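What follows is a short report on a single structure.
The values are calculated or read from the model by the stated rules, or taken from the named source; none is laboratory data. These numbers come from a predicted model, not from an experiment. Neighbour counts are summed over all protein chains in view; Cβ atoms, including those assigned to glycine, are modelled from backbone coordinates with ideal geometry. Keep in mind that these areas ignore ligands, DNA and RNA; they rest on the heavy atoms of the full protein, side chains included. Shrake-Rupley method; radii C 1.70, N 1.55, O 1.52, S 1.80 Å.
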Amino acid sequence: MKRAARTGPGSGPGALVTRRWGRALLGVLGTGGVVLVLELLARTGAFADAALPPATSVLARAAEMAVDDGFLGHLGTTVSAWLGGLGLAVALAVPAGLLLGSLPRLDAASLAVVELARPVPSVALIPLAILVFAEPVRVERSLVCYAALWPILLNTLYGLRDVDPVAKETLRSFGFGPLSVLWRVSLPSAGPFVLTEVRIAASVGLIVAVSAELRAGGDAGLGVYLLQTQSGGGRPDLMLAGAVWAGALGAAANGVLVAVGRGLFPQARPLPRAGGSAPWTPGYRAARSSSNAGRAE
């Protein structure tokens, strides 16, 4: 009876796949509805063609860009700076967050610096980045890193503070050291928080990369391409098609990170306790499995 109550209708793998396909179908319908509305607005003459070209024309230009070597070169430059800055931010923010979250005194000492630097917008640092870094790609990469660093760092700290203290004390009582507690409990519990913020930072980083190209200029990049479409009278359809590609990049990055999160942290979904309704957190489960292993030894 308990097994049936825990794995009732709508909770099996088939139901999960059905829900995912249902959400995907709703997303397709929503996107198609927006495209249809924009197409009707353009065709009815409510806006001038120079201001709002038909959605089908924009999508056709976007499809043509997929085989345009010139545009793909611009896109590759932006992707390189975007992913390079995001990877650097993850490599810096996650270890720093783990260090600050494990040492409360160091966390308190650095709080003022973090709160002072975090609100500074990345675009305000474009002149400084141009002076420090000569190459446009390095300018973009540094700005993306700065913009993505703070949300990942803060969410790593919040994730560590949210770890169940009972789980950590359970491991300590069985003789596990600080590094073992960090690896077995803190990281599994904080991991979903960190990955969620990486998804958000990826979107922010893409915005900053394109904005830096628009403001700082350069020889290549999606922002440079958007500026070029407005020269010589302007091509709104090409400009919007470039924006569509930027949105597609953000959606693809989000989808990849969601899949990575499901693979790395399948235990992130709360599971009901047998005979109770309180969830088992990932840290609690890790502590329980580790304590069982200690008893077996």
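Observations on the model:
- Cβ pairs under 9 Å, 6+ apart, first in the range 104-127 and within 15 Å of L160 (Cβ to Cβ), second small (G, A, S) and assigned to a helix (DSSP H, G or I): D107/G101; S110/A96
- Identity of the residue in the range 197-252, hydroxyl-bearing (S, T, Y) and open to solvent by 40 Å² or more (accessible area, probe 1.4 Å), that ends up modelled with the highest pLDDT: S203
- Just one of the listed residues (A147, A62, A167, A66) is of a type in the set (A, V, I, L, M, F, W, C) and open to solvent by 40 Å² or more (accessible area, probe 1.4 Å), and it is A66.
- The range 129-146 residues that are of a type outside the set (S, T, N, Q), paired with ones that are open to solvent by 60 Å² or more (accessible area, probe 1.4 Å) (beta carbon under 6 Å, 6 or more apart): V139/I130; C145/L88
- Output for the range 123-163, where each listed residue is part of a helix (DSSP H, G or I) and among the β-branched types (V, I, T): V123, I126, I130, V132, V137, V139, V144, I152, T156
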